[in-house]
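Right, one structure below, let's go through it.
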Amino acid sequence: MFKKILIANRGEIACRIMASCRQLNIRTVAVYSTADRAAQFVQMADEAYCIGPAASSESYLNREGILMAGILAHVDAVHPGYGFLAEDALFAQMCAQCGITWLGPQPKLISLMGDKAAARKFAASRGIAIIPGTYVLEDIEQLQQSARKMGYPLLIKASQGGGGKGIRIVNHPDELESQLMVAKRETDSAFGSTAIYLEKVLKNARHIEVQVIGDQDGRILVLGDRDCTMQIRRQKVIEESPASFITAAQRRELVVAVHRLLDGVGYQGLGTVEFLFSEDRFYFLEMNTRLQVEHGVTETTTGLDIVMLQLQLASREARLGHQVPEGQGVAIECRLNMTGATGENRLTKFEFPRDVRVDTGYASGDQVPTYYDALLAKIIVVAPTHRQAVEKMQATLAQVEVTGVATNLTLLRQIVATNWYLNGKFSVQTLDERLKNDKSFAN
Amino acid sequence: MNEQQLKQLITDLAALDFVHAKIKLDDFELELERPDTTSQFTQQKQTRGDVIVVKSPMIGIFHVNEEPLQVGQRVETGMTVGQIESMKLFNEVTSPASGVVERVLCEDGQTVEYDQPLIEIREGA
C-alpha cells in the first residue's frame, strides 16, 4: 500500500480523500494557497505546504509547485480530486516522470476524453449512440450546412470544454454566424483552442451517468448510476443514486454501453460516463476521467468507499468483483453553494443535522475564500424509496442553518418541496425555466 | 451600461487592490484578471516599519550565495540574495530594496514554502 499521498486539491474533496487515506494508514500531504492557510483540509493533513498565492493559476494549477511539494515530502502517489489538475494529461505525465503514482487513468485516456469531439468520435466508433451533431468543423459553410440539416435550436460546443462549460445555444438560423464567431473567440480565450462542434438540443433530456472503476489491468466494473438532471445553467444542483426514473431494462442497457465503451482500453481508476436520456434513448454526452463531486450518493447506497477502493486497486491490494454492487435504498445529494460574497464572508453559523452525511471543507467560524468554486457542502440523505428520500431531504434542509454567507439553501428547500421534483417530471432545463418564469422561486 | 459608465467603473477599479474581480449588475457581467504583483518574485516584499521581508517566490530548497549573506551586510536593489531550487531549476531571489541585512531566516539547503520569510533587510540604513 502507498505510504504517503499528496492531495492536489482543496476544500471538501481534499478532506474526503484524506479520510480514506487515514482508514488505510496512509500519511497525507496537503498543498495550499495563501488564501487557504486556515482551511480545514490544511489542518487535517499530516503535512502541508504552501505552494502559491490565492490565484489558482499559480497555486492549485501550479504543476511544478505541487510536484516539488510531493518530492520534498517523499510521497508515493498524487490524488488530484476533481477540477484543477484532475484531467490534466500533462500533470499526470509529470507525476509519472517523477516516479510518483498518478491516481487516475493513463494520460492518453485523459486527453482522449478531455477532447469532447474526439470522445464523441471514439464512443461512436464503439457502437454507442451519440447526440446527433457534427465532429469538429472549421469551415463556416460546412457548419451552416450541417446546422440546416440538424435544425434548430442547436448547441455550439467547445471541444476542450465539458462539464457544462463552453456551450452556446443557437435558436434561429440568423444567429448562427454571429454566435459561431463569439463561440470561437470564447473558446480560444478560455481553452486556448478554437475547435468547436455542433450538437442537437435533445427534447426533455435527463442527465444520467454511470460510475465506473478500473483496476490496474484495465478491467472495469460499473458501481451504479446517478440521475443529475436537476441543473442550473448546466451545473448540477441535486443528484440521486440510483436513477429512480429508469427501468431495470434501461439500467442493463447502460451497463452494456459502458462496457462497450471501456472494455479493453486499459482504463484505470475512477470515472464517470455521462449520458443524456431523451425519448427512451441514451446518448453519450461525455466521460469524466476522475472522481466526481457527486460520488457520495453512490457510496451511500452501495456501502462502498470508492476512494478507498481506488487506492486499493492502484496498489494491487484488492481485486474487482464481477457484479455491479447491489444498492440499497435511494440516496439524494443537495449541493449547498455560496451565491455571492458578503463582506467578511465568514460562516457565523454552519450547522447540519447529525444523522445525515455532510461532506464539507468548512466549519462554523471559517472564512470562505472567494477565489475558488462555490461549493460549501454536500448534504446526502438515504431512505428506502425515492419518496421517502425526498421527505428526508425536506426535513434535513429545514434543520440546516447557515449564516454569514449568501447561499442557495432557500432554493434547495423550494425545489425539494415541489411535486414536479417528487414525481420526476423535469428535464435538464426545467429549473432554469422555473427560475425565469416563476417569481416565487428564490434566485 | 454605456461606454462612459464602463470606463468610469474600470478607472474606479484600478485604484483597488485585487487580482480577480467579477462584477454582475442585472444582465451586465464583467470579469477582470490582473497579474498578482505580489507574486513577482523580484518585487516580493512586505514592509514592516523600515524592515523589508524578502519572501520565497516558490516552494523549493533555499540555497545561499557562494559567499553567504551576513547580518549587517549591505545589499543593493536587484542583488541576488539567494536561490530557490525547484524542480531542478535554480531561481534567483533578488533584493527588492537597498539596505542592510537585519536577519537571515533560513539555512542553506532548507525546504521553504511559497511566501516563507527568507531575509529581513533594513531599508536605506
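Values computed for the structure shown
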quantity	calculated
Residue A:226 being modelled with pLDDT under 95, closer than 24 Å to residue A:279 by Cβ and assigned by TED's automatic domain parsing to the domain that holds residue A:259	no
Given (1) more than 11 Å from every other protein chain (Cβ to nearest Cβ); (2) closer than 21 Å to residue A:374 by Cα, number of the condition residue A:19 does not satisfy	(2)
Lone qualifier among A:243, A:248 - being without any contact (Cβ under 8 Å) to a residue 60 or more places away in the chain and either more than 22 Å from residue A:422 (Cα to Cα) or surrounded by fewer than 19 Cβ atoms within 10 Å (Cβ to Cβ) (or both)	A:248
Helices (runs of 4 or more DSSP H) contained in region A:86-157 and holding at least 2 residues in contact with a Phe, Trp or Tyr (Cβ under 7 Å, 6 or more places away or on another chain)	A:89-97, A:107-114, A:116-125
Selection within region A:316-330 - more than 20 Å from residue A:258 (Cβ to Cβ) and buried (at least 18 other Cβ atoms within 10 Å of the Cβ)	A:330
Residue in region A:1-55 that is surrounded by the fewest Cβ atoms within 10 Å (Cβ to Cβ), counting only those that are charged (D, E, K, R) and not in a helix (DSSP H, G or I)	A:3
Residue check, residue A:92 within 9 Å of another protein chain (Cβ to nearest Cβ) and in contact with a strand residue (DSSP E or B) (Cβ under 9 Å, 6 or more places away or on another chain)	no
Verdict on residue A:64 being touching a strand residue (DSSP E or B) at 6+ places or on another chain (Cβ under 7 Å) and more than 10 Å from chain B (Cβ to nearest Cβ)	no
Members of region A:175-193 that are touching a residue at least 24 places away in the same chain (Cβ under 8 Å) and either of a type in the set (Asp, Glu) or in contact with a helix residue (DSSP H, G or I) (Cβ under 9 Å, 6 or more places away or on another chain) (or both)	A:176, A:177, A:180, A:186, A:193
For residue B:119: the one exception among (1) in a strand (DSSP E or B); (2) in contact (Cβ under 8 Å) with a residue 24 or more places away in the chain; (3) touching a helix residue (DSSP H, G or I) at 6+ places or on another chain (Cβ under 9 Å)	(3)
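The values are calculated or read from the model by the stated rules, or taken from the named source; none is laboratory data. Quantities reported herein were computed from a predicted structural model and do not represent experimental measurements. Cβ coordinates were reconstructed from backbone atoms using ideal geometry, including for glycine residues, and neighbour counts include every protein chain displayed.
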